[in-house]
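What follows is one structure encoded as structure tokens, with my remarks underneath.
The values are calculated or read from the model by the stated rules, or taken from the named source; none is laboratory data. What you are looking at is a predicted structure, and each value in this text was computed from that prediction instead of being measured. Heads up, the Cβs are rebuilt from the backbone with ideal geometry, glycines too, and the neighbour counts pull from every protein chain shown. Side chains included, ligands, DNA and RNA excluded: accessible areas come from the protein's heavy atoms. Shrake-Rupley method; radii C 1.70, N 1.55, O 1.52, S 1.80 Å.
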Amino acid sequence: RRAQIGIEMLRSGDWIVPRQQGQIFFSRPPLQNWIIIGIGILRGQVDVVAIRLPSVLSILAITLLVYGYARTILSQIGAFAAGAAICTMGEVLEQGRTGETEGLYILLLGGAILVWHWGYCRRGPSLATWCLSYFFIALATLAKGAQAPVYFAATVGLFLILTKRWRDLFTWRHLAGIGVFAAVWGAWQIPYFMEVGLDATKRMYANDVALRFTDVGWATIAAHV
């Protein structure tokens, strides 16, 4: 599913609009598709390695990032346990070897939050911390959708409120970070909007999410939990 979108982009020359069998595919923005095809071009074919390698490398990278982050507050054994914990979770083991977007999304969203807090603990919410974190969030948005900025804003915002540093949300450094997000995300979003229009733009972000709310009865929720 993810690889076929990239293959159609390669054949058509349209790298902006994800399509399946020529029809717009309203699932997720195309970052994962671009990466798969990029590896496929380097390998000379879009094979199982090109399709799955982005997820495998993403899980490896977030494991190392968790280890590095944990090492600032834990012993070497504790940091190793933290890294080992994330890469051996059942869902990570399942999704981390497929061509799906979850592995890349975990790296980008989790990386943004860890990088932000890492920088916050060392030098406070500096310009570099805000900009790098929002750069990762923009890429996470291009990987899976609007969940990424919502999760990041909720996590960081709540943290600053609870630690009574909420004024850090209203600084030019934070605004610069938002500008980085807008530039990176907008580099795809604006051409996509111009090519397909407002309705297709809304469907790109709402289509998968809406499927989760087709049945919100208590019995269904209880069974899921």
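Observations on the structure shown:
- Any hit, the range 61-81, residues being touching a Gly at 6+ places or on another chain (Cβ under 9 Å), in a helix (DSSP H, G or I) and hydroxyl-bearing (Ser, Thr, Tyr): yes
- Cross-chain or 6+ apart pairs with Cβ under 8 Å, the range 184-200 first and touching a residue at least 12 places away in the same chain (Cβ under 8 Å), then open to solvent by 70 Å² or more (accessible area, probe 1.4 Å): Val184/Phe135
- Across the range 88-133, the qualifying residues are those that are outside any helix (DSSP H, G or I) and open to solvent by 20 Å² or more (accessible area, probe 1.4 Å), and the one among them that is farthest from Arg28 (Cα to Cα) is Ser126.
- Under the condition of being surrounded by fewer than 14 Cβ atoms within 10 Å (Cβ to Cβ), part of a helix (DSSP H, G or I) and either touching a Gly at 6+ places or on another chain (Cβ under 9 Å) or at positive phi (or both), the residues counted in the range 170-205 number 0.
- Residue match in the range 41-56 (condition: under 22 Å from Asn207 (Cα atoms), in contact (Cβ under 8 Å) with a residue 24 or more places away in the chain and in a helix (DSSP H, G or I)): no
- Apart from one condition, Tyr67 fits all of (1) open to solvent by less than 80 Å² (accessible area, probe 1.4 Å); (2) modelled with pLDDT of 95 or more; (3) more than 19 Å from Trp116 (Cα to Cα); the exception is (3).
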